[in-house]
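The values are calculated or read from the model by the stated rules, or taken from the named source; none is laboratory data. Note that the coordinates shown come from a computational prediction; the quantities given were computed from them, not determined experimentally. Because the Cβ atoms are built from the backbone with ideal geometry, glycine has one as well, and the counts that use them run over all protein chains shown. Remember, those area values only see protein heavy atoms, side chains included, never the ligands or the DNA or RNA. Shrake-Rupley method; radii C 1.70, N 1.55, O 1.52, S 1.80 Å.
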2 protein chains.
Amino acid sequence: MELNEAIAKFKEQNKLMGVYYHAMGVMSYDFETAAPKNAVAGYSDVMAKFSEITYNISVSPERFEILDTLTEHKDEIDEITRREAALAQKSLKLMRSISVEDYVEYQRLVNEASAVWHDAKVNSDYASFEPYLNKLVETSIRFGRLAAPEADPYDYWLDEYEEGFTQDVLDGYFDKIKAALVPLIHRISEKPQPDNSFLHKHFPAWKQREFSDKLMEVMGIDRRDCAIGETEHPFTTGFNKHDLRITTHYYEDALESSMYSVIHEGGHAMYEMGNADELDGTTLFGGASCGMHESQSRFYENLIGRSRAFTDLILPIAKEMFPEQLDGVTPDEFYRAINRSEPSLIRTEADELTYSMHVLIRYEIEKKLMHGELSTKDLPAEWNRLYKEYLGVDVPSDKEGCLQDSHWSGGGFGYFPSYSLGSAYGAQILAHMKKELDFEGLVAAGNIEPITLWLREHIHKYGLLKTPAELIRISTGEDFDPQYYIDYLTEKFSALYDL
Amino acid sequence: MELNEAIAKFKEQNKLMGVYYHAMGVMSYDFETAAPKNAVAGYSDVMAKFSEITYNISVSPERFEILDTLTEHKDEIDEITRREAALAQKSLKLMRSISVEDYVEYQRLVNEASAVWHDAKVNSDYASFEPYLNKLVETSIRFGRLAAPEADPYDYWLDEYEEGFTQDVLDGYFDKIKAALVPLIHRISEKPQPDNSFLHKHFPAWKQREFSDKLMEVMGIDRRDCAIGETEHPFTTGFNKHDLRITTHYYEDALESSMYSVIHEGGHAMYEMGNADELDGTTLFGGASCGMHESQSRFYENLIGRSRAFTDLILPIAKEMFPEQLDGVTPDEFYRAINRSEPSLIRTEADELTYSMHVLIRYEIEKKLMHGELSTKDLPAEWNRLYKEYLGVDVPSDKEGCLQDSHWSGGGFGYFPSYSLGSAYGAQILAHMKKELDFEGLVAAGNIEPITLWLREHIHKYGLLKTPAELIRISTGEDFDPQYYIDYLTEKFSALYDL
């Protein structure tokens with residue numbers, strides 16, 4: 001195939017698939033936020049058909065020929081097309097290494113395992129899920145070996161989610177944070193806890209909706225480009241830089257919950273709204289990786305949102321909306337309540353300090369599973385042992401233990417580390433940003449825009465054009481270094497708990 | 001083509017197009033209810049692509065061959081497929097009579113005219129719109145002649161919107177209601193008006209949202225099949241009988257507005273939820289015609305919703321939600337306020353009695369335009385003359401006059417009569433339903449279900465399987481007769497205004 005023909009066809013195919021992905025994205029968002037419950041059957045028919053159409057384009061012999069042509073001539077093509085082709089090749093690596101039967105069989109396994117996991121979680125019945133998990137582990141090892149015969153299978157999967165981050169890097173990362181944070185968490189668990197009962201008074205949902213609008217205004221989110229919906233679990237989805245959707249969930253007895261989910265999801269949205277115009281409509285629109293996306297959401301949620309400057313800024317606004325509930329609460333009480341840290345069982349509800357310990361435990365377990373050093377039969381015992389050792393908590397049931405997350409039931413081994421990396425990226429980025437910006441002063445003044453523009457210039461504008469490691473170098477001038485994260489947490493929580 | 005092959009291909013094409021229509025429907029709903037403003041460009045790209053794909057299927061030579069085969073063998077195929085094929089043939093009649101260039105040119109004209117109309121309405125500048133309207137009239141006449149050389153062009157268009165209802169029928173219909181209602185309206189305009197100021201106190205939107213839920217519950221709408229959203233102008237859209245969407249708009253100074261739009265749109269939704277299971281997934285899912293659809297929405301809105309039994313039922317519920325606003329309002333005051341009738345300028349805001357006069361005026365004007373008896377230049381004067389004559393109102397500007405509706409700017413000549421026919425169908429259906437059901441007793445008891453089941457059995461279950469005229473015969477045992485509508489309005493409003 002001629003190079004020019006390959007480029008033209010590549011763009012055309014991407015554009016066509018983009019239209020289907022856009023439609024499927026809107027339908028998923030609608031399904032989660034607006035559709036009546038029984039819409040499911042009709043919805044599934046559309047999704048199945050569109051998935052079939054895009055799948056057939058993406059694994060067609062023509063597609064392979066196009067990609068091979070582009071790879072062969074990669075030094076002759078522009079940067080955007082080169083990166084698009086490289087990522088498309090990468091995403092097809094597994095698909096081109098396994099048989100169609102293997103692929104279909106795996107899809108069936110994942111669907112069954114997800115359904116079984118769902119019931120197993122409800123009934124805290126790990127035994128029913130274990131055979132499926134065992135098969136998923138075996139298949140992931142086998143697929144990893146087929147896709148990357150030269151690599152360790154777990155490294156293959158880690159690199160799928162966070163390009164360039166293999167066990168080499170992550171072992172060092174998790175060892176460091178374990179050594180620093182486990183003792184810190186244990187020391188804090190012996191200290192008295194601040195009162196946070198005022199965050200759990202009655203906050204009517206309709207008032208919280210207005211509060212969300214205020215928060216998005218403070219963050220500087222242009223509502224002409226970003227809408228907000230309501231779902232059981234908050235998420236963000238984006239179709240192009242002018243059409244982002246975040247969601248939240250209003251608990252009337254927990255102001256903090258939707259408040260910080262709006263800021264967190266708003267951070268994800270900011271990332272994609274900040275993509276350079278020339279990436280819109282290309283396959284490079286979005287975020288560099290799960291970890292880099294999470295770094296931006298947590299930047300707004302934790303580094304800005306849970307800073308003293310921000311809680312001081314937001315308290316008067318919150319009091320205006322909820323005068324009775326927050327009557328008499330001082331800035332210091334508000335800041336301490338928002339930052340209360342306590343070891344707990346559920347990852348998604350963990351506070352800023354203990355969060356990465358949940359991830360660490362999953363990393364250690366995944367590593368052993370993928371190397372045959374832990375059998376899925378022994379997984380719950382190992383899980384519970386690690387929760388006791390690192391967080392000091394007893395796991396009362398598998399429902400609140402190893403069955404809590406959906407990731408493994410979907411075959412997602414290697415995804416968890418990106419959650420923790422996001423926080424570590426953010427701390428390193430913040431340290432460098434502070435050399436150029438009066439971070440606290442800006443937040444205190446409610447002037448978030450210069451911070452967003454800094455992030456846009458150093459991270460957001462690149463979309464998927466750069467790898468996470470490259471973005472760390474671009475934004476900080478050095479390689480990834482977890483020490484910033486450790487220092488940030490140690491300093492913040494030592495002060496909070498008077499250590 | 002073999003008949004069996006034609007049937008199989010026909011079903012396959014319909015199913016595939018159905019998937020695209022479903023996706024486009026959800027995207028439109030999302031665009032109106034949830035998407036941020038700037039989503040428009042990306043949204044348009046998807047809609048354009050999917051429209052192109054479905055258009056190419058529906059006008060392909062293969063499609064024509066399939067339809068011709070099915071038409072030729074129409075006595076050998078099942079009722080559903082026969083009707084599907086007949087409606088598909090009907091919808092392609094125009095397309096197969098004009099050239100592709102004509103079609104493209106017409107699409108361009110409509111797009112331009114719509115944009116020009118939009119600005120013209122804002123600026124009350126009819127002169128800028130007039131040349132486009134003139135061209136639209138000319139093209140509609142020409143297209144009507146090409147599609148149906150044997151017929152009057154206006155009859156062709158009327159039949160497009162309301163199968164079987166041509167000028168023969170409509171002249172008789174409108175003459176009758178004009179003779180009966182114009183004098184009635186004039187007599188009422190001399191009577192004192194009931195107080196409705198309590199409907200215009202402050203009703204917070206968040207409270208009205210809860211009230212909407214209550215209303216849908218009273219109507220017996222299964223929320224697992226029907227969701228509610230918010231838009232500038234209320235509408236209903238449905239993708240299958242388990243996925244309906246209605247919308248409303250909350251005006252904080254007008255309780256009646258969203259209350260009756262919810263009941264009206266709920267009636268549209270009821271119609272499609274009541275389709276027989278075997279029509280789901282076929283092209284016969286939906287309502288028989290615009291007029292028949294409107295008959296069902298207005299059945300719930302007016303015949304049920306504005307009846308004394310219903311206002312008596314709903315007042316205590318409304319008072320529970322709005323105790324201060326409705327303090328001291330008696331059932332009689334509530335009923336009279338809800339049914340206040342006053343000639344006005346805007347069709348969409350007209351009350352039950354005067355509504356059809358707005359339609360009558362449009363019908364008379366369309367008829368003259370389509371027969372060259374009125375030039376578009378003279379249209380505003382004719383419009384204003386008729387409003388004065390029939391409704392006794394002076395039209396202060398074209399914005400509130402002949403520029404108020406979007407229909408003509410989109411080439412929709414012949415659509416308006418269906419709005420009025422819907423009310424007339426409903427009154428005739430009600431008269432016959434009352435022979436079998438204790439209508440007032442059921443409504444008073446809040447027991448709407450038997451009424452819905454009656455409508456389902458006589459109307460809803462048929463979807464598009466029958467023509468509106470056939471449905472009138474099925475549900476009433478006789479042909480369409482506008483006298484029921486005249487009697488209903490005369491009796492109701494004579495009593496309300498003590499004539």
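A few notes on this one:
- Total charge dipole magnitude, segment B:167-496, about the Cα centre, Cβ charges on Lys, Arg, Asp, Glu only, Debye to nearest 20: 240 debye
- MRE, 222 nm, helices only [DSSP H, n ≥ 4, -39500 (n - 2.57), over the protein assembly as shown, to nearest 500]: -20000 deg cm²/dmol
- Across the protein assembly as shown the C-alpha pair distances fall into 10 Å bins from zero in the proportions 2, 9, 16, 21, 18, 15, 11, 6, 1, 0 percent.
- Relative compactness, segment A:350-396, computed as alpha-carbon Rg over 2.2 N^0.38 Å: 1.16
- Each other copy places its own label point for A:Glu342 at 5.9 nm from this one, sorted shortest first, where the point lies 7 Å along the Cα-to-beta carbon line.
- Dipole of chain A, positive end: most advanced residue of A:Pro149, A:Phe10, A:Gly281 [Cβ charges, Cα centre]: A:Gly281
- The separation of segment A:402-472 from segment B:256-317, counted between C-alpha centres, amounts to 50 Å.
- The magnitude of the dipole of segment B:55-183, with charges of +1 and -1 set on the Cβ of Lys/Arg and Asp/Glu and taken from the Cα centre, is near 360 debye.
- Intensity falloff of segment B:152-245 expressed as log10 I(q)/I(0), Debye formula with alpha-carbon point scatterers, at q = 0.19, 0.20, 0.25 Å⁻¹: -0.94, -0.95, -1.20
- Check: the protein assembly as shown dipole with +1 on Lys, Arg Cβ and -1 on Asp, Glu Cβ, in debye: 520 debye
- Chain A packed on chain B takes about 2500 Å² of accessible surface away from a 1.4 Å probe, both sides summed.
- Partner lysines whose Cα lies under 29 Å from the Cα of B:Lys492, excluding those fewer than 8 positions away in the same chain, are identified as B:Lys176, B:Lys178, B:Lys191, B:Lys201, B:Lys214, B:Lys319, B:Lys388, B:Lys434, B:Lys435.
- For a straight C-alpha distance cut-off of 18 angstrom, the lysines reachable from B:Lys9 (same-chain residues fewer than eight places away being disregarded) are A:Lys49, B:Lys74.
- Exposed loop sites were defined as trypsin sites (Lys or Arg not before Pro) in DSSP loop states (anything but H, G, I, E or B) carrying at most 14 other C-beta atoms within 10 Å; in chain A the longest segment without such a site runs A:225-499.
- Within the accessible surface of the protein assembly as shown, defined with a 1.4 Å probe on protein heavy atoms only, the carbon and sulfur portion equals 50 percent.
- Nearest beta carbon of chain A to the A-to-B rotation axis, with distance in whole angstrom: A:Trp206, 2.
- In nanometers and ordered shortest first, the copy-to-copy spacing of the B:Asp125 label point, defined 7 Å from Cα toward Cβ, is 7.1.
- 1.4 Å probe accessible area per residue over segment A:10-135, in Å²: 50 Å²
- Counting only Cα atoms, segment B:3-143 measures 57, 39, 24 Å along its principal axes, largest extent leading.
- Radius, Kirkwood style, for chain B when every pair of distinct Cα atoms is counted (Å): 24.1 Å
- Ranked from shortest, the separations from the 7 Å Cα-to-Cβ label point of A:Gly220 to its equivalents in the other copies are 5.7 nm.
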